[in-house]
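Worksheet: the structure to be examined is printed underneath.
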Amino acid sequence: MSVRPSLGHGVGLRLTHYDRILAPGADGSDGSLAGDLGVELVEVVTENFFGPGGTVPGGRPRAVLERVRAQVPVALHGVSLGVGSVDPPPEEYLRALRTVVDWIEPAIVSDHLCWGSVGGHYAHDLLPLPYREDAIAVAVDNVGRAQDALGRRILLENVSSYAAIGGGTMPEWEFLMEVARRADCLVLLDINNIVVNAKNHGFDALDYLAGVDGDRVWQFHLAGHTDRGAYKFDDHVGPVPDEVWSLYEAAVARFGEVASIVEWDQEVPPWEVLRAQAERARDLAAALVGGEA
């Protein structure tokens with residue numbers, strides 16, 4: 001197991017922020033404050049930077065990502081790998097992914113432990129898997145294909161869900177860790193999704209943390225959700241709620257300093273609001289582990 005890198009704390013870049021990144025002087029060349037992103041790490045949705053025919057993109061996407069990458073490490077976060085799908089990842093997708101990885105040299109490459117297609121038909125959603133041996137075998141095989149294509153390990157994220165899938169033989173956290181161990185991949189632990197699923201499926205979020213191998217956890221996600229009474233809905237709207245911050249503190253106390261990204265995907269606020277959320281994650285981690293975060 002390689003040593004977890006110290007990447008710091010940051011935010012997910014969304015289209016709303018492109019103008020800020022591309023503003024005159026935003027590369028810091030004129031000494032303006034716009035050149036300082038104010039975060040230590042930026043995450044982008046991988047597929048937003050696929051060029052036509054698996055090439056490096058042109059135009060605004062290319063300019064934005066190259067400008068960001070010149071300042072801070074970048075985490076590539078995919079939504080289409082679908083390692084839990086019976087169909088293996090398409091070769092054209094893996095080639096496009098490798099092109100982006102080679103171009104931007106990201107600090108982290110991640111996707112979700114889910115399925116999203118069958119027979120070439122795509123649901124365009126992150127669908128949960130049954131927590132059983134046959135699903136582990138499929139995911140491990142597909143993660144292996146992806147890691148072989150990229151020449152590096154990827155991170156898998158735990159997803160939110162709203163109904164139990166039949167036939168499960170183990171808790172979610174055991175399923176996640178079995179896939180990670182057998183595929184020799186890493187974990188992106190979404191703290192918000194644990195809070196959401198704990199409510200929706202009736203388990204203790206601290207039990208989830210207790211079942212996770214911290215050596216494989218290389219990144220956290222923090223985000224908002226909506227409490228609809230009978231269930232929680234993972235919508236990434238609004239600031240990180242107190243319940244998620246509380247579980248984040250427990251995760252840092254258990255696993256130590258881990259890179260974190262704040263996701264805010266709807267009603268996206270100004271960069272400064274997002275940055276303040278990342279600063280809170282950084283400060284909480286520093287207080288818990290000591291020294292500079």
**Study point:** Residue check, Asn193 surrounded by 22 or more Cβ atoms within 10 Å (Cβ to Cβ), farther than 24 Å from Gly8 by Cα and not acidic (Asp, Glu)
**Key:** no
Review point. Residues of segment 260-274 being assigned to a loop (DSSP other than H, G, I, E, B) and open to solvent by less than 40 Å² (accessible area, probe 1.4 Å), which ones?
Key: Glu263, Trp264, Val268, Pro269
Point to revise | Out of Glu257, Glu279, sole residue that is among the acidic types (Asp, Glu), in contact (Cβ under 8 Å) with a residue 24 or more places away in the chain and either over 27 Å from Arg153 (Cα atoms) or out of contact with any Ser or Thr (no Cβ under 9 Å at 6 or more places or on another chain) (or both) | key: Glu279
Practice item. Look through segment 26-50, keep the residues that are of a type in the set (S, T, N, Q) and at pLDDT below 90, and return whichever of them is nearest to Gln277 (Cα to Cα). Key: Ser32
**Study point:** Neighbours by Cβ (under 8 Å, 6+ apart or cross-chain): first from segment 207-234, acidic (Asp, Glu); second surrounded by fewer than 14 Cβ atoms within 10 Å (Cβ to Cβ) and part of a helix (DSSP H, G or I)
**Key:** Asp213/Arg181
Check your understanding: Does segment 163-180 contain at least one residue that is open to solvent by 30 Å² or more (accessible area, probe 1.4 Å) and β-branched (Val, Ile, Thr)?
Key -> yes
Point to revise | Test for Val289: is it under 19 Å from Leu7 (Cα atoms) and modelled with pLDDT of 95 or more | key: no
Exercise for review: Considering only segment 41-58, state which residues are over 17 Å from Leu13 (Cβ atoms) and either open to solvent by 30 Å² or more (accessible area, probe 1.4 Å) or polar (S, T, N, Q) (or both).
Suggested key: Pro52, Gly53, Thr55, Val56, Gly58
Exercise for review: Please indicate, with yes or no, whether at least one residue in segment 212-220 is assigned to a loop (DSSP other than H, G, I, E, B), open to solvent by less than 20 Å² (accessible area, probe 1.4 Å) and out of contact with any Gly (no Cβ under 7 Å at 6 or more places or on another chain).
Suggested key: yes
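The values are calculated or read from the model by the stated rules, or taken from the named source; none is laboratory data. The shown structure was predicted, so the numbers you read here are calculated from the model rather than taken from an experiment. Here the Cβ is made from the backbone with ideal geometry for all residues, glycine too, and neighbour counts use every protein chain on show. These area figures cover heavy atoms from the full protein model, side chains too; ligands, DNA and RNA do not enter into them. Shrake-Rupley method; radii C 1.70, N 1.55, O 1.52, S 1.80 Å.
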